[in-house]
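S.K.: This is the structure, below, for whatever I ask next.
Every number in this text was worked out from the coordinates using simple rules, so none of it is lab data. Computed from a predicted model, the values in this text were never measured in an experiment. Counting neighbours? That spans all protein chains shown, and the Cβs are built from the backbone with ideal geometry, glycine included.
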Ligand SMILES: [Zn+2]
């Protein structure tokens, strides 16, 4: 199965990706990890990536795509992959599609881990901390009685974010701006599957499996060279044969039987 994971920072992508990797026996490929490994190993692409980073530039899409291509050529990726961290925007998604078409491994599913971004943003941007007693309020979810004043001590409330919060806030803003079009992109290709990513990890995982199992089964049948409705045809023929053998069925010509079976199969397809 060939999957791209989409989701905001903090949506649990990494955790779910790991479990999916174990269930379907396909590697979870994080582009962040790929990059670090390539730089550490000093591979040709790693050297180019390091040069870019040392110059204070972003690593170009070409380099990342090159690393993905090398990674997908490894034996453990023969049955598929879970891409995590790439693509992050529409041009990257288009470039990825071109690469995957070239190596004959087109994407099947883009799985969106859906969390309420507005809520995540409100949690961060709405935070107010009392300068005197450090009590924390939130203008959206738990406001003080009087704006800008602490309920406990009457102190001034400040919007104070530490570096880590600031980083998350920035990443969320970037995600919102760049990934929304990506959702549209995969939606138009009919590859988008959205899972409610709020709640217990195990519950979210079973919701994901519900979505992916159907895709996986279809793929297994295809891999065996069995079109999905051959099973139905076989079952119908077996049933008829046992009727005939039991002498219950009225005499029918083989061709009319075949026709009936064909009709059933065509109906199923629709
Ligand atoms: Zn206070």
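S.K.: Could you tell me the relative contact order of the chain? Use alpha-carbon pairs under 8 Å, at least six residues apart, and round to a whole percent.
M.R.: So the answer I get is 20 percent.
S.K.: Rounding to the nearest 10 and keeping the result within 0 to 90°, find how far the Cα-based axis of helix 90-102 lies from the longest principal axis of the chain.
M.R.: The answer is roughly 30 degrees.
S.K.: Across the chain, what fraction of all alpha-carbon pairs, as a whole percent, falls in each successive 5 Å bin from zero upward?
M.R.: All Cα pairs, binned at 5 Å, distribute as 1, 5, 9, 11, 12, 12, 10, 9, 7, 7, 5, 4, 3, 2, 2, 1, 1, 0, 0 percent.
S.K.: Quick one: Cα centre-to-centre distance for region 168-231 and region 68-145, in angstrom?
M.R.: 13
S.K.: For the chain, modelled as a GNM with alpha-carbon contacts under 10 angstrom, which of 223, 37, 235 fluctuates the most?
M.R.: Its mean-square fluctuation being the largest, the pick is 235.
S.K.: Any chance you could give the angle, 0 to 90 degrees and rounded to 10, that helix 31-41 forms with the longest Cα principal axis of the chain?
M.R.: Orientation of helix 31-41: about 80 degrees from the principal axis.
S.K.: Determine, for each peptide in 126-134, 10-18, 47-55, the mean count of other beta carbons within 10 angstrom over its residues, then list the peptides with the highest first.
M.R.: Per-residue Cβ counts within 10 Å, averaged per peptide and sorted highest first, yield 10-18, 126-134, 47-55.
S.K.: A further question on this structure: Using only Cα atoms and rounding to the nearest 10 degrees, what angle (0 to 90) does helix 61-72 make with the longest principal axis of the chain?
M.R.: 40
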